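Down below is the structure, laid out as structure tokens.
The values are calculated or read from the model by the stated rules, or taken from the named source; none is laboratory data. In this text, all values refer to a predicted model and were calculated from it rather than measured experimentally. Positions of Cβ are generated from backbone atoms using ideal geometry, with glycine treated the same way; all protein chains shown enter the neighbour counts.
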Amino acid sequence: MLPRSLSNLYHMQYIIYHTPCFPRQYNVDDFLPSGINSLSNLRYVKLPEDCSTSICGIGKLKSLQELNMFDLKDASGYRIGELKNMNYLYKLGINCLENVNDVEEACSAKLCAKRRLTDLTLCWSNTYSRNIDLDENVLDNLQPPKCLRILSIKRYMGARSAIWMHNVNPIFNLERIELWHCLEWETLPPFGQLPFLKSLEIRNMPKVKWLESKFNGNDKYHPFPSLEVLNIERLEALEDLFEAGVAAEDGCFFPCLIKLYLWSCPKLKELPSLPPKLKILSINTIGWTTLNLCSNSNPIPLESLEVFYCPNITSLPLADEIARLTALRNLSIRNCPNLISLGRYREVETTNYCHLMLYQLTVSDPLVLLMEPLRSIASLKSLDFLHNEELVSFPNEAEQWFLKVRSSLSELYFTCFSSLESLPSYLESLSSLQHLTIIDVPMLRELPNLPPSLECLAIIGECHPELKERYREDGGSDRHNIAHIPRIDIRE
């Protein structure tokens, strides 16, 4: 607990408390002196993350500029009206909004009057069944000022958007939006009209069908003109990014999009084409049978492609676009059990320019390595075999593939292979291999001969007792086989 005398330092402007190990039993009421709210000049309070930020009578701290999270209670000194005169705030988080009893109480916060506020988080503490009408009315009356740049809304249980979101003008300057765990929300506001919006993250909103709904008839416009990051996760009802009838003026959606994450959206239709500036694409648990890599850009700027847990996918047409995928450096294909093709590889494309030159490759099935264009890969720095419960041993056909990358491959990982009993014998031929990491491979009993270039060997997590015994530092029977490796780490 901080000293009580702290409350007498009336000119204090900053309280910053750092500790690497803060006792979880403390909350702010125990930790700060009771008269802390008398420090009217206080601008900034930084407490450990585990410390609750619920100062009784916080409204007296009128000079405060940042309040990361104010936990509301249905008790005097903890209600939302405490925020009424805190007009110097530029960052504000409000939690436990279910403790706001009516519209009048919501209005008492006077958020719209806070002309310096640029970052606002509005949270309900849970998603339990509540009065949906009250949630909607409360949000309607928490309209932020037009200067707001960042807006987060979490665990709101209303079925509609706030009234102030229907018109773009009140949220015109938003640059970043986060919507999390709003389980009843059905139709999103016209975020595509926001001219400065750079980041949009929507998670666990199972009733949303479209990212952008039709409005203003069939008028064409430039949707999401500045958006750079789009993260969509667990939108089980999402059918398309745009409702039928939404049209871009020049046919180009997301003209500035750089990062796109589409996770757990089983009903989502395939993308008609890649956004022209897209560099990172990650899809997970999507119902597609193929991935459209068509793009108006030449070359295609895509640098990282991740496809995992997509059981319906049978084809990833990498080979079809190989000549234009010159920027691709990171590729991950995991747990796609029905994948049979990476496209049609044209024999005419035989120059190195048309071969993949990856930095990092992640696969769960080693047979993917034998599909073109991976079969003819020109260069690879890091290879990660990740999460395969069925593989017992590596196919002999993979040996020629490993020989092609032996002069460039420096990092190799085997992670979460519950049935794997042996590593490839041809690892010894990997003349540039420096790091070998084995994580949770419980059936592996011994290691093959390893290359002299190896600098680090790590065996971590669940492993076979016999493997531990063979290579233990104090007298393992096969310890001499890895003695040339400078750094060895064997641990659970």
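For segment 367-392, filtered to residues that are among the acidic types (Asp, Glu) and in contact with a Ser or Thr (Cβ under 7 Å, 6 or more places away or on another chain), the residue that is surrounded by the most Cβ atoms within 10 Å (Cβ to Cβ) is 384. The C-beta contact set for segment 449-460 (first residue in the same structural domain as residue 429 (by TED's automatic domain parsing), second residue among the polar types (S, T, N, Q) and exposed (fewer than 14 other Cβ atoms within 10 Å of the Cβ), distance under 9 angstrom, 6+ apart or interchain) comprises 449/425; 451/431; 452/431; 453/431. Tell me, yes or no, whether segment 463-470 has at least one residue that is at pLDDT 95 or above and basic (Lys, Arg). Among the residues of segment 463-470, not one is at pLDDT 95 or above and basic (Lys, Arg), which makes the answer no. Of all the listed residues (111, 194), the sole one being among the aliphatic types (A, V, I, L, M), crowded, with 17+ Cβ neighbours inside 10 Å and under 28 Å from the mean Cα position of the chain (by Cα) is 194. Within segment 401-410, is there a residue that is in contact with a strand residue (DSSP E or B) (Cβ under 8 Å, 6 or more places away or on another chain) and either of a type in the set (Gly, Ala, Ser) or free of Cβ contacts under 8 Å to residues at least 24 places away in the same chain (or both)? Yes, that holds for at least one residue. In summary, residue 119 fulfils each of the numbered conditions (1) surrounded by 21 or more Cβ atoms within 10 Å (Cβ to Cβ); (2) in contact with a Lys or Arg (Cβ under 7 Å, 6 or more places away or on another chain) with the single exception of condition (1).
Number of residues in segment 122-149 that are buried (at least 17 other Cβ atoms within 10 Å of the Cβ), hydrophobic (A, V, I, L, M, F, W, C) and not in a loop (DSSP other than H, G, I, E, B): the value is 5. For segment 189-241, give me each residue that is modelled with pLDDT under 95, polar (S, T, N, Q) and on the phi < 0 side of the Ramachandran plot. Hits for segment 189-241 are 193, 213, 218. Counting only residues that are at pLDDT below 95 and charged (D, E, K, R), segment 278-308 holds 0 of them. The residue pairs whose first member lies in segment 176-197 and is closer than 16 Å to residue 238 by Cα, whose second member is part of a helix (DSSP H, G or I), and whose beta carbons are closer than 6 Å, counting only pairs six or more residues apart or on different chains, are 189/165.
Taking segment 348-364 only, how many residues are modelled with pLDDT of 90 or more and crowded, with 19+ Cβ neighbours inside 10 Å?
Of the residues in that region, 5 qualify.
A single entry from 475, 461 fulfils the requirement of being small (Gly, Ala, Ser) and more than 36 Å from the chain's Cα centre (by Cα): 475. Considering only segment 61-84, I want to know if a residue exists there that is surrounded by 14 or more Cβ atoms within 10 Å (Cβ to Cβ), closer than 24 Å to residue 111 by Cα and at pLDDT below 85. The answer is no, given that none of the residues of segment 61-84 is surrounded by 14 or more Cβ atoms within 10 Å (Cβ to Cβ), closer than 24 Å to residue 111 by Cα and at pLDDT below 85.
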